[in-house]
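Note sheet for the following structure.
The values are calculated or read from the model by the stated rules, or taken from the named source; none is laboratory data. Predicted model only: the values in this text are computed from it and were never measured. Please note: Cβ atoms are built from the backbone with ideal geometry, for glycine as well, and neighbour counts cover all protein chains shown. When the accessible area is computed, the model is the full protein with side chains, heavy atoms only, and any ligands, DNA or RNA have been set aside. Shrake-Rupley method; radii C 1.70, N 1.55, O 1.52, S 1.80 Å.
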Amino acid sequence: MYKLLILLMLSVAICQPAEAQSDHQIDLISEGHRFTEGPLWYDNALWFSDIPASTIYRWQPEGETTVAVRPSSGANGLIVDTEGRLLMAQHQARRIARLNSDGTQTSLASHYQDKRLNSPNDLVLADSGTLYFTDPPFAVSAEEQELDFAGVFALHNGELSLIDDELERPNGIILSPDQSVLYVTDAYQWKIYAYDVTADGVSNKRLFAALEGEYDQGMDGMAVAADGTLYVAGPEGIYVYTPAGELTERIALPDFTANVTLVETDRRVLYVTNQTEVFRITLNHKK
């Protein structure tokens, strides 16, 4: 037990934001939106949501931004399933939905124990076929809310199970590269939690990292690199953590950084939804 406590203490980083670095190239690639979210690199293009506009856009490297899905029922987080179909966490429809090839949508999860979900926010799909998602009440009023908690859920073979009902505002969610660890941000506690993922389910919740102080905006979406480096969208830009939970860098951006996705080629490229804008960040550009 003593050894376990020491390991847990070493794995938690509670620290002030690191200084912003200046050796990255930051390019504005799309602007004029209302509130961007859900960046997804798919089919050689960036897909992203504009929640209030109920639109999913597709940006191509040539610089063109086009409408991909409208209306999107206030889609937030986006991923693609094993068959290349878009999965959406829909705020307005209060569900997880799949976009079919004919343009219709199929609801995958909308209720837990006969009560409507709050407003599904972000999602990640494991190789096992299990879909994990967060369900804070960001887009539902207190009068409309049927669940008396904000949950982290797992959907497997059509069966919805609750992982955690103790976070205040679960928000971003991602899996480690080997899919043995599930990370979830608690937005306005400015904390990141980690859970072990095994064949028997999800367990061993623990604090992975946290920011000291309070901010106008919360911690949000995440991306993870092949080496386990975690990129977390937060109140003052992108926060970079080692797999041990050490905050090594903050990449400063204007406004509120809502979400991030990562493309790894010869360099790491982050695509960041930043309120009304979308940025491309080429890391360590000068090196």
Could you tell me which of the residues Y195, Y215, Y188 is of a type outside the set (G, A, S) and part of a helix (DSSP H, G or I)? Y188
Considering residues of segment 217-271 that are in contact (Cβ under 8 Å) with a residue 40 or more places away in the chain and of a type in the set (D, E, K, R) only, the residue least open to solvent (accessible area, probe 1.4 Å): D220
Segment 95-110, subset out of contact with any Lys or Arg (no Cβ under 7 Å at 6 or more places or on another chain) and part of a strand (DSSP E or B), residue surrounded by the most Cβ atoms within 10 Å (Cβ to Cβ): I96
Pick from R169, R206: which is open to solvent by 20 Å² or more (accessible area, probe 1.4 Å), within 22 Å of D114 (Cα to Cα) and among the basic types (K, R)? R169
Members of segment 131-153 found to be hydrophobic (A, V, I, L, M, F, W, C), within 17 Å of G38 (Cα to Cα) and open to solvent by less than 30 Å² (accessible area, probe 1.4 Å), listed by number: L131, F133
Filter segment 228-251 for residues that are in contact with a Ser or Thr (Cβ under 9 Å, 6 or more places away or on another chain) and assigned to a loop (DSSP other than H, G, I, E, B) and give the result. G228, T229, P235, E236, T242, P243, A244, G245
S161 is checked against (1) open to solvent by 70 Å² or more (accessible area, probe 1.4 Å); (2) not in a loop (DSSP other than H, G, I, E, B) and fails just one. What number does that condition carry? (1)
Out of D178, D186, I need the residue that is in contact with a Gly (Cβ under 9 Å, 6 or more places away or on another chain), open to solvent by 60 Å² or more (accessible area, probe 1.4 Å) and closer than 23 Å to L247 by Cβ. Which one? D178
Looking only at segment 145-174, which residues are charged (D, E, K, R), within 25 Å of D127 (Cα to Cα) and in contact with a strand residue (DSSP E or B) (Cβ under 9 Å, 6 or more places away or on another chain)? D164, D165
Only one of Q113, Q92 is in contact (Cβ under 8 Å) with a residue 24 or more places away in the chain, open to solvent by 40 Å² or more (accessible area, probe 1.4 Å) and not aromatic (F, W, Y); which? Q92
How many residues does segment 117-130 hold that are open to solvent by less than 30 Å² (accessible area, probe 1.4 Å) and under 30 Å from D178 (Cβ atoms)? 8
